[in-house]
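**Q** Got a structure here, written out as structure tokens. Questions coming.
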Amino acid sequence: MLPAELRLRILRTAVLTRRFEERAARLARAGAIPAAIHLGTGQEVGQIAALAALRPDDPMLYGHRGAGYWFARGISPATVLADIAYREGGTNRGKGGVMHVVDPARGVLGESGTVGGNFVLGAGIAFADRQLGRDTVTIVFFGDGTSNRGQFHEAANFAAIARLPLVLFCENNGWGLSVPASVSTSVDDIATRAAGYGMPGVVVDGCDPDAVFAAVAAAAARARAGGGPTLIEAKVPRIPAHFLGDKEHYRTDADRQAAVDRDPLPRLVADVRARGLLDDDGLAALEAEVAAELDAAFDDVLARPLVAPATAFEGLYP
């Protein structure tokens, strides 16, 4: 069971993530910032709870849905917005937008050059850290769709053979872009594939922060003790469309509503209220605090200049 202080921290980070994405989406729809945003609505609680179970120096490669990963690691909303809006002050200076937020000091090592390429990067990082004598655990977040790519199987096989300190964390929202997992994936639970590589496979409710935290904490402890990798599958809802411009003609209203009904943020709010950790006044104060933080961040970043085109040539080597 999560300690009260940690439960409240997860709640605050989830509220910050949700409100940030709501604002960013409004700006993108208005044409004020680029629209290449994949909202993580409904998945942020699981992301944040997973990272809460790890150390701040544990390397992390994220999936491409949502900002919860970065805020959980302490990257500021202003920094993330600068990357999204291609303004000065971001982590990548206009060279990758929302899919390439990187902060090595916080263990945030990005995604990859292609969605689903982070498996082999994560396995390589875990291998390198062990060779260097570090006791870190690398976590790789990914979606159900990319679990069908060859890199997943290559990385899982190598990680199991080498008993790498690696956690493969699948956020299964049931959709690979516009393709339902029932059509594209041969198993109901992606975690069952772990057996083929001789590693544990665990299925959890990705909307339950206690369950996610416990699963990742156990996997990390096993990895640090030399037990090797674990595949965790968190069942989560995909509430928004694949991206802002996606009209979702392929999706039924009933499926959308079922996802909304599983939204973990209202569930977490009700949970902290029921536990007596926050009352209505406390929740209102939390929302006001987050709103003030985002007001300052958005006002600051949108007043900054766009990243100069010449920076596109920085970091290139013959």
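The values are calculated or read from the model by the stated rules, or taken from the named source; none is laboratory data. These numbers come from a predicted model, not from an experiment. Here the Cβ is made from the backbone with ideal geometry for all residues, glycine too, and neighbour counts use every protein chain on show. The area values use the complete protein model at the heavy-atom level, side chains included, leaving out ligands, DNA and RNA. Shrake-Rupley method; radii C 1.70, N 1.55, O 1.52, S 1.80 Å.
**Q** Search the structure for amide H atoms under 5 Å from the amide H of V203, placed 1.01 Å from N in the peptide plane, and list their residues when 5 or more places away or on another chain.
**A** Distant-sequence amide H within range of V203: E233.
**Q** For D57, what is the net charge nearby, where nearby means another residue's Cβ is under 11 Å from its Cβ and Lys, Arg count +1, Asp, Glu -1?
**A** Numbers: positive: R55, R73, R106, R134; negative: D58, D129, D135.
It works out to a net charge of +1.
**Q** Using a/c under 1.5 as the rounded threshold, could you call region 198-308 rounded, prolate or oblate? The axes a ≥ b ≥ c are square roots of the C-alpha gyration tensor eigenvalues, and prolate needs a/b larger than b/c, oblate otherwise.
**A** rounded
**Q** In whole Hz, what ³J(HN,Hα) sequence does region 276-288 give by Karplus (6.51, -1.76, 1.60; θ = phi - 60°), x for Gly and Pro?
**A** x, 7, 8, 9, 4, 5, x, 5, 5, 5, 4, 4, 5
**Q** With a ≥ b ≥ c taken as the square roots of the eigenvalues of the C-alpha gyration tensor of the chain, please select rounded if a/c is under 1.5 and otherwise prolate if a/b is larger than b/c or oblate if it is not? Numbers along the way, then the final one.
**A** Numbers: a/c = 1.36, a/b = 1.16, b/c = 1.17.
Judged from the Cα gyration tensor, the chain comes out rounded (a/c under 1.5).
**Q** Let me ask you something else. Give a residue-ordered list of calculated ³J(HN,Hα) values for region 35-41 (Karplus: 6.51 cos²θ - 1.76 cosθ + 1.60, θ = phi - 60°; whole Hz; x for Gly, Pro).
**A** Each residue's phi maps through the Karplus curve to give 9, 7, 10, 10, 5, x, 3 Hz.
**Q** Please report the carbon-and-sulfur percent of the accessible area for region 177-299; probe 1.4 Å, protein heavy atoms only, DNA, RNA and ligands left out.
**A** 57
**Q** Still on this structure, please answer the following. Given DSSP loops and a limit of at most 16 other Cβ atoms within 10 Å, what is the longest stretch of the chain that contains no such GluC sites (Glu not before Pro)? Working shown, then result.
**A** On the way: sites that count: E88, E248, E314.
For GluC sites (Glu not before Pro) (loop position, at most 16 other Cβ atoms within 10 Å), the longest site-free span of the chain is 89-247.
**Q** Using 0.36 nm per residue of separation minus the Cα-Cα distance, give me the extension gain between K247 and A292 in nm, one decimal.
**A** That pair, K247 and A292, stretches by 13.0 nm at full extension.
**Q** Let me ask something additional. Expressed as a whole number of Å, what is the distance separating the alpha-carbon centroids of region 147-224 and region 243-281?
**A** Each part reduced to its Cα centre gives a spacing of 23 Å.
**Q** Just report the Cα centroid separation between region 286-318 and region 1-71, whole Å.
**A** Computed from Cα coordinates, the inter-centre distance equals 17 Å.
**Q** Apply the Karplus curve 6.51 cos²θ - 1.76 cosθ + 1.60, θ = phi - 60°, to the phi angles in region 162-171 and return the couplings in whole Hz, x for Gly and Pro.
**A** Coupling constants for region 162-171: 8, 6, 6, x, 9, 10, 9, 10, 8, 9 Hz.
**Q** Then there's this: What does the net charge come to around E248 if you take all other residues with beta carbon closer than 11 Å to its beta carbon, with K and R at +1 and D and E at -1?
**A** Once all neighbours under 11 Å are counted, the net charge is +1.
**Q** Here is a further query. Once the other residues with Cβ under 15 Å from the Cβ of L278 are scored (Lys, Arg +1; Asp, Glu -1), what is the net sum?
**A** -1
**Q** With the crude spin-label approximation of a point 7 Å out along Cα→Cβ, what separation in nm comes out for D261 versus A128?
**A** It works out to 4.6 nm between the two label points.
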